[in-house]
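Below is one structure, written out as C-alpha cells, with a few remarks after it.
The values are calculated or read from the model by the stated rules, or taken from the named source; none is laboratory data. Every value quoted in this text rests on a predicted model; they were computed, and no experiment measured them. Here the Cβ positions follow ideal geometry from the backbone for every residue, glycine too, while neighbour counts run over all protein chains shown. Heavy atoms of the whole protein, side chains included, go into the accessibility calculation; ligands, DNA and RNA do not. Shrake-Rupley method; radii C 1.70, N 1.55, O 1.52, S 1.80 Å.
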Amino acid sequence: MKQVLQIIFLALIGTALTACHNSTDDYMASVTIVVSGGDSLQIDRVQATATIRNLNTKQVITSTNFNGNILKQQLLRGAYQISVDGSIRYTNPKQQTRIRSFRSQTDFIAFADSDDYILEMKPIFTD
C-alpha cells in the first residue's frame, strides 16, 4: 500500500510540474515590405503611405516609415491586404533620375508560418 501511495504521489507531482510549463505562443510576425523595381530601376527613395488591412480582424494600419525603399512593421499573424501609394525617386537604365507617382497592391498575403517575412512589391506608375 505504501508503494502505491508513493507511485500516485510521484505521478501527481509529475503532472503538476508539466501543467506549470510556461508555453508562450508568438502571435506577432516581423514583416519587411520592399518596393522593388527589379533589374531595370534603382530605387533611391520611397515617400508613400502603406495601408495594411488585416482580413481576419478588419484592423487597418497605416505607415509612412519607409527607409529608402524598405518598410518594417510588426503585425499579428494572419491574412492581409496591402497597398502602397505615393511617390518614388529612381534611376533608370539610362542613368536618369526621375520622380514619379506610383501605387502597388496585393489583395491577399498570409503571414503565419514564420517569424520574418519579406514582401516584394512592384511599383505601378500612375502619372
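The table below lists the values:
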{"quantity": "Every residue from segment 75-96 that is at pLDDT 95 or above and either open to solvent by 50 Å² or more (accessible area, probe 1.4 Å) or among the basic types (Lys, Arg) (or both)", "calculated": "Gln81, Asp85, Arg89"}
{"quantity": "Hits in segment 13-56 - residues which are under 26 Å from Phe111 (Cα atoms), in a loop (DSSP other than H, G, I, E, B) and either of a type in the set (Val, Ile, Thr) or modelled with pLDDT under 80 (or both)", "calculated": "Asn22, Ser23, Thr24, Asp25, Asp26"}
{"quantity": "Residue in segment 97-119 that is most open to solvent (accessible area, probe 1.4 Å), counting only those that are closer than 15 Å to Ala48 by Cβ and among the charged types (D, E, K, R)", "calculated": "Arg103"}
{"quantity": "Filter result (out of contact with any Ser or Thr (no Cβ under 8 Å at 6 or more places or on another chain) and surrounded by fewer than 14 Cβ atoms within 10 Å (Cβ to Cβ)) within segment 37-74", "calculated": "Gly38, Asp39, Ser40, Asn56, Thr57, Lys58, Gln59, Asn65, Asn67, Gly68"}
{"quantity": "Cross-chain or 6+ apart pairs with Cβ under 7 Å, segment 96-110 first and without any contact (Cβ under 8 Å) to a residue 24 or more places away in the chain, then open to solvent by 90 Å² or more (accessible area, probe 1.4 Å)", "calculated": "Ile99/Arg89; Arg103/Ile124"}
